[in-house]
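What follows is one structure encoded as structure tokens, with my remarks underneath.
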């Protein structure tokens, strides 16, 4: 049971990192990124491939975050010319393009066969490795949350909020919002790449099928339920999402006649119902409107 709970905790923290990155992009600057999973995948495969090549895990993690941020640069430049709805379409298409490239370039990624045998973080600790990963990931998430909280309260963060509220007014005041948008998009993507590295070296086996648009959907749902623009909302919204998803796994014990396939649909329905209820009774999210 403890191993199961630690694994759930690790996945919750990975989604928390993804939500914190998206919160910078959308919560502050209103950049609609429907391609979160693309940067997640880039981070996972970058770290995995470099680790297989013999790189130390610390360097492979750093490279994962850098590669994801670098991949976000052209998308960030596109955001300067696109409205929110067009940017959403572009990022969604980019995510699918990344997945297809990973699937087709089997000479590098082994395609649909995936990358097995990735080195696990703290593998020398044996059964206790999951707890060590959880502790490291918890510390990392808390540091990132503290950083994003301070960033949101800094002049840079206040400018990002102003850009999200009224970009034309910011331009009229003599500020150029262009590179601020690019920087925050790259920063959010870098956090997604870091989350991907943690995921790869926790699961130790990655395939293209693990990086489907549903992952982006889950990250958005967690952020919306928690409250966009709130660091606390990004953290606890991700936790609430994982609780709903994992709690629904046990529904088959008291719902007779439901197959495993049907249960997967019920899990999505449970997330949808939770989202509808929050939208109806708490449209700003559980922690929306708060400054923390």
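Residues that are within 24 Å of residue 14 (Cα to Cα) and either touching a residue at least 60 places away in the same chain (Cβ under 8 Å) or buried (at least 17 other Cβ atoms within 10 Å of the Cβ) (or both) occur in segment 156-173; there is at least one.
For residue 23, indicate whether it is crowded, with 24+ Cβ neighbours inside 10 Å, under 16 Å from the mean Cα position of the chain (by Cα), outside any helix (DSSP H, G or I) and in contact (Cβ under 8 Å) with a residue 60 or more places away in the chain. Full working, then the answer.
On the way: crowded, with 24+ Cβ neighbours inside 10 Å: yes; under 16 Å from the mean Cα position of the chain (by Cα): yes; outside any helix (DSSP H, G or I): no; in contact (Cβ under 8 Å) with a residue 60 or more places away in the chain: yes.
No; evaluated as a whole, the condition is false for this residue.
A count restricted to segment 102-122 and to residues that are surrounded by 14 or more Cβ atoms within 10 Å (Cβ to Cβ) and either free of Cβ contacts under 8 Å to residues at least 60 places away in the same chain or out of contact with any helix residue (DSSP H, G or I) (no Cβ under 9 Å at 6 or more places or on another chain) (or both) stands at 2.
Just wondering, is there one or more residues in segment 125-136 that are closer than 20 Å to residue 19 by Cβ, touching a helix residue (DSSP H, G or I) at 6+ places or on another chain (Cβ under 6 Å) and part of a helix (DSSP H, G or I)? Scanning segment 125-136 turns up at least one residue that is closer than 20 Å to residue 19 by Cβ, touching a helix residue (DSSP H, G or I) at 6+ places or on another chain (Cβ under 6 Å) and part of a helix (DSSP H, G or I). One residue is enough: does segment 185-199 have a residue meeting the conditions under 21 Å from residue 16 (Cβ atoms), touching a strand residue (DSSP E or B) at 6+ places or on another chain (Cβ under 9 Å) and in a helix (DSSP H, G or I)? For segment 185-199, residues under 21 Å from residue 16 (Cβ atoms), touching a strand residue (DSSP E or B) at 6+ places or on another chain (Cβ under 9 Å) and in a helix (DSSP H, G or I): present.
From the list 63, 53, exactly one residue is at pLDDT below 95, within 18 Å of residue 200 (Cα to Cα) and surrounded by fewer than 24 Cβ atoms within 10 Å (Cβ to Cβ). Which is it? Walk me through it before giving the result.
Working: 63 fails: at pLDDT below 95.
When all the criteria are applied, what remains is 53.
Within segment 156-169, is there a residue that is in a helix (DSSP H, G or I), touching a helix residue (DSSP H, G or I) at 6+ places or on another chain (Cβ under 7 Å) and modelled with pLDDT of 95 or more? No, the conditions are met nowhere in segment 156-169.
The values are calculated or read from the model by the stated rules, or taken from the named source; none is laboratory data. Since we're looking at a predicted model, the values are computed, not measured. Cβ sites come from the backbone with ideal geometry, for glycine too, and all protein chains shown count toward neighbours.
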